[in-house]
Amino acid sequence: MEKINNKQLVEDLLAWYDANARILPWREEATPYRVWVSEIMLQQTRVEAVKPYFERFIHALPDISALAHASEDTLRKLWEGLGYYHRVSNMKKAAIQCMERFNGQLPSTYDELLSLSGIGAYSAGAIASIAFHQPVPAVDGNVLRVFSRVWVIEDDILKESTKKKFQKLLMEVIPKERPDAFNQAVMEIGAMVCVPNAAPKCHICPLAPHCKGYQTGVTHKLPVKAGKKKRTIEKKYIDVVVYEDKILLQQREKDGLLAGLYEFNTFDYPQEEELFLSTLDIEKIVPLKDSKHIFTHKEWHMSGKLVFIRKKIKGNLVSMQDLEEHYAIPSAYKAYKEGLIEWMKHM
DNA sequence: GAGACGTGGGC
DNA sequence: TGCCCAAGTCT
């Protein structure tokens, strides 16, 4: 990799980006706060999924101070359906850290950004380069894919050591004049042209003249990713308890899966469910369809029912309107929430 | 380093 | 249906 080749590669890449960059909400006005919010939302999440959440979030919480003072329930509701809920919890922590340590502003250097909750190597590089024009790499899945093909690097891209290796290599390539455009351009190429599996659009790729993988016909074999483990299956028994026009909700544990979100009463074993039901004065039970929800590392196989009760019980009984407006419920419960709504219509 | 941590879309 | 994935981070 001689410098002279890199220079031409960078030039071709930036020219392509200038002509082909998508118009995205967070690109139009790249303030540090907007860039930060967008980068966190975009972690492991598609652009199309992020768009509506981004606008709503920025409108509800326009700056770091607003975020630092927002309640956890408000934040979970703004994040409802986006997944990886620890992201928004960490953003609030980071906002408070900014108030305490950085005068209420986002810091501008890679190391300072890296010190904040929820900001790792990628996000620190992305924010430092895009919002503050610092010449640091932002190595995400796109960058790993694109350059493992361009340079034919066969290291497992899931390994931390591989990411470090690419970070170091890219330090030598990233242009001091336009680090923001460079990092976004590589990601854009990865998302639009140098796409995963056997479908890269090399015939329209500005990097093709510089791409060793393309020239040697090994693009489809890159990047190398180690195999994943099998998901475990968990059975869940769901009781949607209804008293008059209110629904019983439980809040999940503060840590772990779907931390702090709300759910209908959920049990791991039928015996537990039976015990719970035996404490209620039941008017009638309406079975709902079985449902399956797939997480990254596990599956929930759920069976559920509506349980109408005659006698009020202690617990979090909320109206349908309150549920919709204030309580964040995981997508895993979608089928049962819909079953509930269908029944409430008939009442 | 390995595993936890969501969701919805594409083929 | 099932598997891969999408702008990762934390423990």
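The values are calculated or read from the model by the stated rules, or taken from the named source; none is laboratory data. Note that the structure is predicted; figures quoted are calculated from it, not measured. Glycine gets a Cβ as well: all are built from the backbone with ideal geometry, and neighbour counts include every protein chain shown. Only protein heavy atoms, including side chains, enter the accessible area calculation; ligands, DNA and RNA are left aside. Shrake-Rupley method; radii C 1.70, N 1.55, O 1.52, S 1.80 Å.
Brief remarks follow.
- Flagged links, alpha-carbon separation over 28 Å, of A:Lys92/A:Lys230; A:Lys163/A:Lys229; A:Lys93/A:Lys305: A:Lys92/A:Lys230; A:Lys93/A:Lys305
- Once the chain from A:Thr45 to A:Ser65 is taken as fully extended at 0.36 nm per residue, the excess over their C-alpha distance is 4.7 nm.
- If you run the Gaussian network model on chain A, springs between alpha carbon atoms under 10 Å, then out of A:Leu13, A:Leu170, A:Leu24 the most flexible one is A:Leu24.
- Most mobile listed residue (A:Tyr84, A:Tyr269, A:Tyr333) in chain A, GNM with C-alpha springs under 10 Å: A:Tyr269
- Cα-Cα over 24 Å, subset of A:Lys246/A:Lys337; A:Lys51/A:Lys225; A:Lys51/A:Lys228: A:Lys51/A:Lys225; A:Lys51/A:Lys228
- Largest GNM mean-square fluctuation across A:Ile189, A:Ile23, A:Ile157, computed for chain A with C-alpha springs under 10 Å, falls on A:Ile23.
- Length gained when the stretch A:Lys221-A:Glu244 is fully extended (0.36 nm per residue, less Cα-Cα span): 2.4 nm
- With every protein chain in place, chain A: carbon and sulfur % of accessible area (1.4 Å): 52
- Radius 14 Å from Cβ of A:Ile204, net charge of other residues (Lys, Arg +1; Asp, Glu -1): -1
- Debye-sum result for segment A:31-130 in log10 I(q)/I(0), which assumes one identical scatterer on each alpha carbon, at q = 0.19, 0.22 Å⁻¹: -0.87, -1.21
- Under the combined filter of DSSP loop state and at most 10 neighbouring Cβ atoms within 10 Å, segment A:129-205 retains these trypsin sites (Lys or Arg not before Pro): A:Lys176.
- Computed label-point distance, nm, for sites A:Val286 and A:Glu100 using a 7 Å Cα→Cβ extension: 4.9
- Per residue accessible area in Å² of chain A, where ligands, DNA and RNA are left out and the probe is 1.4 Å: 52
- Compared with the dominant principal axis of the Cα atoms in chain A, helix A:179-192 is inclined by about 60°.
- Kirkwood-type radius of chain A, with distances r between different C-alpha atoms, in Å: 22.9
- Principal-axis tilt of helix A:32-42 within chain A, Cα atoms, nearest 10 degrees: 70
- Over every Cα atom in segment A:261-347, the radius of gyration and the widest Cα-Cα span, Dmax, amount to 13.6, 40 Å.
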